[in-house]
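A.B. asks: To start, I am sharing the structure in question, which I have written as structure tokens.
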Amino acid sequence: MTILRSALTLLLLASLAIVGPSCDRGETAREQATPSERQEKDLPTKWLAFDDGLAKARTENKPIFLEFYAEWCIFCKKFQKETIRDQKVARMLSENFVYVRLNAENSESRVRYRGKSLSNVELAQAFGVNSYPSLVFLDSKGKPITMLSGFVPPHQFMPVLDYIDQKCYETQISFSQFAK
């Protein structure tokens, strides 16, 4: 199954040609300001805390879209502004996914995953996050499906959402076959 997930990730990346811009963990220029409450309220799609998202996904049998971000990351903000606020993306996420968003550099917040208590930093490390944004998809039980790194524009993100929503990864249909 791990090989299948790895192959799926490679196919998604190759098919979308996502060598997209991302913020490397080693960035030195950091912004001190946190997102304002107004910005959070303006998001068309509501996101949940990790533990709440896992519980909701199990109850509603929906996949989880987990966005790892950093406060200082320009491409995380661009992803929020352009992709998440896109009407089609927002509708798809709110109707068919449980949307979870985590500040991957917050070492004080703790979450429970697979019987362990982890900080956001530790969870990001467990998923192999090394740039931002990192976009992780989990099934309704919290099992990883795939991960994309970097900014993904709406027209490239929608086919990925469709692919995950239709559970094509379970039937071993490649993303390139699906995209045709």
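A.B. asks: 5 Å is the cut-off here: which amide hydrogens, built 1.01 Å from N in the peptide plane, fall below it relative to Tyr99, excluding neighbours closer than 5 in sequence?
C.D. replies: Counting only residues 5 or more places away or on other chains, the set is Leu48, Phe65.
A.B. asks: Calculate, for Arg112 and Asp162, the FRET efficiency according to 1/(1 + (r/R0)^6) with r their C-beta to C-beta distance and R0 30 Å; round to the nearest 0.05.
C.D. replies: The value I calculate is 0.50.
A.B. asks: Over region 129-175, give the accessible area per residue in Å² for a 1.4 Å probe, as an integer. Numbers along the way, then the final one.
C.D. replies: Numbers: 1630 Å² over 47 residues.
That works out to 35 Å² for each residue.
A.B. asks: Using the Cα centre as the reference, give the magnitude of the dipole from point charges on the C-beta atoms of region 119-175 (Lys, Arg: +1; Asp, Glu: -1; all else neutral), rounded to the nearest 20 debye. List each step's numbers first, then the result.
C.D. replies: Working: 3 positive and 5 negative charges, 13 e Å.
Magnitude of the dipole: close to 60 debye.
The values are calculated or read from the model by the stated rules, or taken from the named source; none is laboratory data. Quick caveat, the model's predicted, so the values are computed rather than measured. In this analysis, Cβ positions are derived from the backbone assuming ideal geometry, glycine residues included, and neighbour counts consider all displayed protein chains. Ligands, DNA and RNA are excluded from the accessible area calculation, which covers all protein heavy atoms including side chains. Shrake-Rupley method; radii C 1.70, N 1.55, O 1.52, S 1.80 Å.
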